[in-house]
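None of the figures in this text is laboratory data; all of them are computed from the coordinates on show. Keep in mind that what you see is a predicted model, and the values were worked out from it rather than measured. Because the Cβ atoms are built from the backbone with ideal geometry, glycine has one as well, and the counts that use them run over all protein chains shown.
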Amino acid sequence: MISMEEKIAIVIPAYKCRFLRQTLDSIVVQTCRSFTVYIGDDASPQNLKEIVSDYADKMNIVYRRFDTNLGGVDLPGHWDRCIALAKEPVIWFFSDDDLMP
């Protein structure tokens with residue numbers, strides 16, 4: 001069991017912005033705040049950073065844009081580099097279209 005002092009990393013590999021805002025909306029309303037959200041931008045042609053910046057003052061969020069797109073050729077490789085961003089002892093892997101209850 002995780003203590004309330006331990007932080008959780010919510011890792012979100014992202015490429016499309018279609019549902020990203022809804023995903024982040026579902027996270028930002030959580031009452032437990034012991035988490036950091038990591039967004040790994042898979043060299044998207046869409047402006048994911050603009051969406052992420054809207055949440056910078058609402059929760060602890062880290063955005064990283066990668067220079068090369070791996071999703072089309074090595075999706076697990078993209079997942080791995082996103083997971084590598086996290087420093088927390090527990091990682092919750094999310095998709096850019098998942099919703100938190």
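Here the gap between N47 and D74, fully extended at 0.36 nm per residue and compared with their Cα-Cα distance, gives a gain of 7.5 nm. Remark: the chain carries a charge dipole of roughly 140 debye about the Cα centre, counting +1 on each Lys and Arg Cβ and -1 on each Asp and Glu Cβ. Amide H contacts of I91: A9, each under 5 Å away and 5 or more positions distant or on a separate chain (H built 1.01 Å from N in the peptide plane; Pro and chain starts excluded). Kirkwood hydrodynamic radius of the stretch 8-93, from the reciprocal of the average inverse Cα-Cα distance over all distinct pairs: 13.0 Å. Kirkwood's formula applied to the C-alpha pairs of the stretch 1-55 gives a hydrodynamic radius of 12.3 angstrom. For I61, nonlocal amide neighbours, meaning residues 5 or more places apart or on other chains whose placed amide H falls under 5 Å from its own, are V37. Less than 5 angstrom separates the built amide H of A14 from those of G40, D41, D42, all sequence-distant by 5 or more or on a different chain. Think of the stretch 8-93 as a dipole: +1 on every Lys or Arg Cβ, -1 on every Asp or Glu Cβ, centred on the Cα centre; then among V62, G40, W79, V62 lies furthest on the positive end. In order along the stretch 88-101, phi translates into HN-Hα couplings of 6, x, 10, 10, 10, 8, 10, 9, 6, 10, 7, 10, 8, x Hz, rounded to whole numbers, per the Karplus curve 6.51 cos²θ - 1.76 cosθ + 1.60 with θ = phi - 60° and x for Gly and Pro. Bridge orientation summary for the chain: considering DSSP beta bridges with both residues in this region, about 0 percent are antiparallel. Each other residue within a Cβ distance under 12 Å of V11 adds +1 if Lys or Arg and -1 if Asp or Glu, for a net charge of -1.
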